[in-house]
Structure formats: C-alpha cells, structure tokens
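What follows is calculated from the coordinates using simple rules that are stated; it is not laboratory data. This structure is a prediction, so every number in the text was calculated from the model and none was measured. Every residue, glycine as well, gets a Cβ built from its backbone with ideal geometry; the counts of neighbours run over all protein chains shown.
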Amino acid sequence: MNILVLLAGVADNRYPLHPIAIGADGQIDESAQSRRILSPFDEGALELALKLRDKHSDYRLEVLVLGGSNSDNLLRSVAAFKPDRLRRLDLQPCCLWDAQLSSHQIAGLIRSEALQPDLLLIGREFGDLDEGGLPVMLASALSLPLFALTQYAQWQDGQLCLLRERGIRQQWYRPPGPVLATVTNDRRNKLRHPLMKNVMMAKKLGFDAVTAAADGSPLRLKALELARDVQRGGQCRMLAGDVGSQADAILAYIRDSGEVPA
Amino acid sequence: MTMQQRIIAVIPLAWGQEAAEQALAAARQVAHQQSLACAVLALGPAPAAWLTDMAGAAGAVELVYAVHAALSDGENLQALAEAAAQAVDQSGQQLLLLPPGSEGEELGARLAACLSATWLGRCARLDWKADGLEFERACWGGRLTLRLQIETSLAVACLRAGKLQQQPAHANVLEPLIIELGKSLPAMFEIEQSSSGQTLPPVESARIVVSGGRGVNEAGFALLEQLAMKLGGSLGGSLPAVDAGLLPVMRQVGVSGKFVSPDVYLAVGISGTPQHLAGISHDSRIVAINSDPAADIFKVANLGAVADWEQMLPALLERLPA
C-alpha cells in the first residue's frame, strides 16, 4: 500500500506574524523569518499515516512538504519520523488562496510522477491561505472519493478503516479502493514525539525537491491587510466582589437573556 | 433580476431550515448591494412547503426544486453537488451561495469542481461590483484579511451574513419550478454508524454555549458539561482544548471549527484569540471567566469575572436547580 501525505505548515501562532505583503508580481511575499510549523491538521494527517505504517512496516509512506519560508526546518521535523520518501513540494506559482489552481497543480504532479497513492492524507486546511477548498478540489481533480474530517484510522481485519464523528454518531468507512481523506485535529491523532537519534540524523539530511507547475492564472489578489478588530460593543463590565457574588451576577445576567431556568 | 446577473441560494432541504435561512441571508445581502433579486435552487427528494414560504418571505423571485430520491440523504455531498450542477442554467453571470459551515464549504467546493466554476471559498465579505466579484477571506489564522477580485461568469461561495431578515413588504408568492433529475446520482459510500456517546445538543444551534479553553482541565470540562446541561445549553471549546482531548472536534468553536450564534457565550479559561473569536457571532453576548485579568477575552466580552474556574464553576452549579 502506498500512503501519500501532503503537509503545508502554518505560521506559529504563538509568535507575532512575520512580515507578509503582496509583491510586485502579484504573489504573496513572506519574509524569511517565518516560524512555520505543522498545523494541528498536518500533524493529524502525519500521525495517522505513521499509525497505519506501525502495523505494516512494508507499506510505503511518502511525504511531500510544501516549500517556502522555513521549509528546511519543517522538512527536518518530518524527516525525524523516517518516512520512506520525503521531498519538498514547490508550487510554481504558489497561490494557495486559489484552491482550484493549486489542486490542479498538485494533481498534475501526482499523475505525472505516477505516485498512485492508495491513501492520500491531507489536513482539512492546507496552509494559512486555504480554508478547506484545496483538499476537496484535489480529490475531484484526482477522481478520488473523499472522506472528509477524518479523526482516526486503523486496520481492521487487514482492511483500512477511517473514523469521523457527525453529530451523535461515529462513522466508520472501509474504502474499497484508493481514497483521499482530509484529517481534522483529534486527541487520537496527536503527533508523537520522534526518537532523539532520528532528530539528530534528520539535522544532517538534505532534501530533494519536486516542482508542480500551474496551468492558468490565479485569482487576483487586491489587498492583504490586518484583520479588523472584532467589533462587539465591548465595554466589558468587570465584576467585583468574591466568587459567590460574581456567580450571582453572572447567572442574573444570563437569566436576563431568558436562557436560565429560574 | 436581469438575465445577466443571477444570485442563487443553493439549499439542500435535508440540512433543515437554519441552513436554508443562512444561505438565503447571504444571497439577500449580496443581491441587496446591487439592487438585484435572488433566486433559490433547492435540492431534495420532493418540494417542501416550508422553503417555498421562507423563500417568498425573504423576497426571492424564483424557486427551483431539483428533485431526486438520492437527495434525501443530506450527507451525500457528491450527489447534492452533481444534482445542483445538473439543475443550474449556466447562461449569464451567476453566483451560487451555499449555507456557511464545514458541510456547506465542502459542498461548495465539490459543486465548483463539477461546474468548473470559480470557488471563492469561505468569504467574510462579498460584493458584486461592476468590475467583478470582490471578496474577503480570513487568512493566517484570522490574523490577516485577504481581499481578492475576479471577473468570472460562474462562481460558488459561502458567506456568513447573519440572521435572515424577513421582508413582509417585499414578500413574494412563489410558484416553484420542479425539475425531476433524470440522470443517476452517485450513491453514498457504505458507512457503519454507531453512537458517539454525545448527549448534549449540537453546539452550533444552542441558545447558550458553555465553552472552555486550555486553562481548564479534564475535571473542569466535566463541570462545564454539567453547567451546560443545567442551563439547557451546549458545550464548546477552543482548538487547544480539542487538541488536549478534552472535548470532541465537533464541539470546537473557531475559524477551523463551528460557528456559533448563541444569545450568551460563556467563555471559561479562554484567552480570546482571533481564531477562536471568529467562530462566535457578533450578535452573541460573551461572558468571560478567566484568572488572567489581562486576557484578551475581556476586550470583547460584555461581562467579565477574574476568577479561577475551580472556584467559579462549583459556585455557579450550586446556584442552579438540580
């Protein structure tokens, strides 16, 4: 079985955002100081792939990590998990705000390299500029069935089983053939810690790159600006007094909304 | 409505009235800016009187039911996408708007792929101007806003436009057109289902949401669940809380989770990141409990208490009827 994992990385939200602008060429111009890390969705996709390989060491795990700022560090962090093959994915141009263009770029690459994954795992959002459209359109471009928002994966009687929860139900899917699964964050797919010896080994590695070209022009960027402050009226009324009086005031406030049993 | 510009709310009937209202609200908002009218394309096994009434009251001028037995399953998104693609008349310029939320976004992207249309994604703002569609999306975890522009004849998008305002003065009595889809639609793949053990109602439709963040541990979430039950509400949480395994991802509130619009959002141990706040309606009143007086949540809350959840949650619970 071939498992292909696509990882994009996101800016680490524990730090202020690095300088980002729209360049003269109409593309996103990021400074090199970006602290790009795997997103919770990336981590979930990678962990599920590792879990599946744990049980079948003969199965092949290939990972493509999106190029761009800080990509070497990102590649090293993934290399420490020892995938069978790990390469940097350079999208030319890289326009992740355009799910259609980007998904066709990646699909074209997967086809031209005859990667033929039996299971393609990708986070439910691919990087900081995608809001979930890219994985859906990638499934369509590859003519693969899509199982969205996967939370867990395991082997059952030798067959792949994917799990997600919908409302009060959990759903198990046993794909009869190749499938693209988007992965969402879940306690069962928290990324494991790599072995220290593998971390050290990864520091010495160099990485191959593969380029996916675009056919067509992307959606035009007009502006990139700081998100507007959330306008909610604010004016927070801070409660004084001890916890008991604060609790009384909170329940009185909620009761005034008509939502609390008397 | 001119033949050149059509704004169409695409509504799967199986998703219910709230999803329909959200898609209609989005279509009305975009249409209103250009003094256009909006139309409705409903997908289901048969016409539904409630939607005919709702669409008319919202001022829609045209209602088409695309009917097929396979459309009774609201989870069969590929069937819904292919049905919508079959029913859309692609003449002129068209903007198709799906109900916002993760399912609407997935359906929208599938539909755009079926139609080879432009997928605009999860829009925070969307205007149809003389020189094309201009729209905004949150990016970098809600820290930046991206404004894009495109001239296209066929676009698909999700837009969150708040609550649907009925327009009694402009209500229309609609005579729906019914299209019986002849082509076969893909069957839903075989799925085994079992109970997830969840007892509280979905977070996205609750009138009161009790929510916890990384400042609350497992014992605290047990208290939050009790509080949600006593208040007749539901339980939510932030992404770090989900990552820590404190609650399931379907209860995650935020830019990558559910969008909630309760009357009151009780945020306990939540710092108030833009990513989390993006999942809470501007109409909701926020009550914040946090031990850190400098927490950003107090900048947007209506009522705040600087307190430890270990003391505050039992105090709230003991004041409510058993």
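The table below lists the values:
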quantity	calculated
Under the Karplus curve 6.51 cos²θ - 1.76 cosθ + 1.60, θ = phi - 60°, whole-Hz ³J(HN,Hα) for the range A:123-132, x wherever Gly or Pro sits	x, 5, 10, 9, x, 7, 10, 9, 10, x
Those residues of the range B:113-147 whose amide nitrogen sits under 20 Å from the label point placed on B:GLN90, 7 Å along Cα→Cβ	B:113-121, B:133
Beta bridge orientation in chain A: antiparallel %, DSSP, nearest 5	35 percent
Dipole magnitude of chain B about its Cα centre (Cβ charges: Lys, Arg +1; Asp, Glu -1), debye to nearest 20	680 debye
Per-pair calculated FRET efficiency, R0 = 30 Å: A:ARG188 and A:ASN2 via Cβ, rounded to 0.05	0.85
Bridge type composition, chain B - antiparallel percent by DSSP, nearest 5	20 percent
All-pairs Cα distance distribution in the protein assembly as shown, expressed in whole percent, bin size 20 Å	20, 53, 25, 1
Positive-end residue, the protein assembly as shown charge dipole about Cα centroid, Cβ charges, pick of A:LEU86, B:LEU71, B:HIS276	A:LEU86
Distance between modelled label sites at B:ASP73 and A:CYS161, nm, 7 Å Cα→Cβ extension	2.0 nm
For the range B:179-239 versus the range B:115-142, the gap between their alpha-carbon centres in whole angstrom	28 Å
Where Rh is the Kirkwood radius over Cα pairs, Rg/Rh for chain B	1.01
Choice from B:ILE297, B:ILE11, B:ILE179 showing the highest fluctuation, given a GNM over chain B with Cα pairs closer than 10 Å	B:ILE179
Residue-wise HN-Hα coupling along the range B:222-239, computed from phi with Karplus coefficients 6.51, -1.76, 1.60 (Hz; x: Gly, Pro)	5, 5, 4, 5, 4, 5, 4, 5, 5, 7, x, x, 9, 10, x, x, 8, 4
Residue order, fewest to most beta carbons within 10 Å, for A:ASP90, B:ASP131	B:ASP131, A:ASP90
Ratio of the Cα radius of gyration of the range A:51-91 to 2.2 N^0.38 Å, where N counts its residues	1.26
DSSP beta bridge pairing in the protein assembly as shown, given as percent antiparallel to the nearest 5	30 percent
At R0 = 35 Å, FRET efficiency that the Cβ-Cβ distance of A:ILE22 and B:SER35 yields, to 0.05	0.65
Order of B:PHE298, A:PHE126 - criterion: other Cβ atoms within 10 Å of each residue's Cβ, fewest first	B:PHE298, A:PHE126
Whether the range B:33-140 is rounded, prolate or oblate, judged on the alpha carbon gyration tensor where a/c under 1.5 counts as rounded	oblate
Neighbour-count order for B:VAL306, B:VAL156, fewest beta carbons within 10 angstrom listed first	B:VAL306, B:VAL156
Chain lengthening between A:ALA252 and A:MET201 when straightened (0.36 nm per residue, less Cα-Cα)	12.4 nm
The range B:262-322: C-alpha gyration tensor shape, a/c 1.5 cut-off, then a/b vs b/c	oblate
Where labels lie 7 Å past Cα in the beta-carbon direction, separation of A:ASP58 and B:GLN5 in nm	6.3 nm
Residue (of B:GLN17, B:MET54, B:GLY104) at the positive-pole extreme of the range B:1-112, dipole from beta-carbon charges	B:MET54
